[in-house]
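The values are calculated or read from the model by the stated rules, or taken from the named source; none is laboratory data. What you are looking at is a predicted structure, and each value in this text was computed from that prediction instead of being measured. Note that we place each Cβ from the backbone using ideal geometry, even for glycine, and neighbour counts take in every protein chain shown.
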Amino acid sequence: MTQIQASPSAVDEFISLGPLVQFPIGQVKALELDGRVIGIVRTVNGIHALGNRCPHQGGPICRGIVTGTMAPSDPDEYVYEKDGEVVRCPWHGYEFELATGRSVGGAVRGRVPVYTAEVRGDEVFFSWRRGATTS
Amino acid sequence: MRVRADQIDCTGSGMCELSVPEVFALDDAGLVIVRGDGTLAGADVNDQGTLVPVGMRAGVREAAAACPGGCISCHDEDGE
């Protein structure tokens, strides 16, 4: 796992995580930053930063896979949606939206910690600032 | 014993608030706070956290152990 030496000194401070090309689309890239593990996920729509804790039982969400999810549908009908916008916990398979950390379908109370990640030019920037999405 | 909670790691599961609502709550963003604002009777806060009344310490330890975010830390003071 890559360790980032520079650490944001304040919640709202941004630091560079490196060139965008180092973050392949559709995978969780785990980094150690300031003694914590975070996961950076690049999608076709943007980039997201996750904490490494599933709100169910604290599973290592950064070892999960990026996927889509099955939408509610009629019997014998299968609807797959949100491809590449969901992460699945490796422990019990609960799924969470990358953009908000919320549980898909409200299956789990709470949310995966989601921090602020931005692409500026060809570089990825990160801060510990949390989104205020009450679950 | 003193307790602290780190919002950076908080998953907002609310396990702590369910366990010891006298000590923990969720703020408007759905993240943990320790009631050091006077809501916790006799709250004594310093840089190592909020002093937990004796009768609530076992509950606070359980809440820390159950927290999926691992964001609650307990600090025993001398003589405890």
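Name the strands (runs of 3 or more DSSP E) wholly within region A:1-69 that hold at least 2 residues that are small (G, A, S) and surrounded by 13 or more Cβ atoms within 10 Å (Cβ to Cβ)?
Details: elements: A:2-4, A:15-19, A:28-33, A:36-43, A:46-51.
In region A:1-69, the matching strands (runs of 3 or more DSSP E) lie at A:46-51.
Candidates A:V44, A:V28, A:V37: the one that is over 10 Å from the mean Cα position of the chain (by Cα), under 26 Å from B:M15 (Cβ atoms) and not acidic (D, E) is A:V37. When each of A:V44, A:V21 is tested for being among the β-branched types (V, I, T), more than 20 Å from A:P113 (Cβ to Cβ) and touching a residue at least 60 places away in the same chain (Cβ under 8 Å), the lone residue that passes is A:V21.
Looking at A:T100, A:T116, which one is closer than 16 Å to A:N45 by Cα, within 14 Å of another protein chain (Cβ to nearest Cβ) and assigned to a strand (DSSP E or B)?
Numbers: A:T100 fails: assigned to a strand (DSSP E or B).
After ruling out the rest, the residue left standing is A:T116.
Going residue by residue through region A:20-33, is there one that turns out to be modelled with pLDDT under 90, of a type in the set (A, V, I, L, M, F, W, C) and closer than 13 Å to A:V124 by Cα? Within region A:20-33, none of the residues are modelled with pLDDT under 90, of a type in the set (A, V, I, L, M, F, W, C) and closer than 13 Å to A:V124 by Cα.
Can you tell me which residue in region A:70-91 is nearest to A:I25 (Cα to Cα), limited to those that are buried (at least 19 other Cβ atoms within 10 Å of the Cβ) and more than 14 Å from chain B (Cβ to nearest Cβ)?
Step one: filter region A:70-91 for residues buried (at least 19 other Cβ atoms within 10 Å of the Cβ), giving A:85-89.
Applying the additional criterion that residues be more than 14 Å from chain B (Cβ to nearest Cβ) yields A:85-86, A:88.
Working: A:E85: 11, A:V86: 13, A:R88: 16 Å.
Per the stated criteria, the residue is A:E85.
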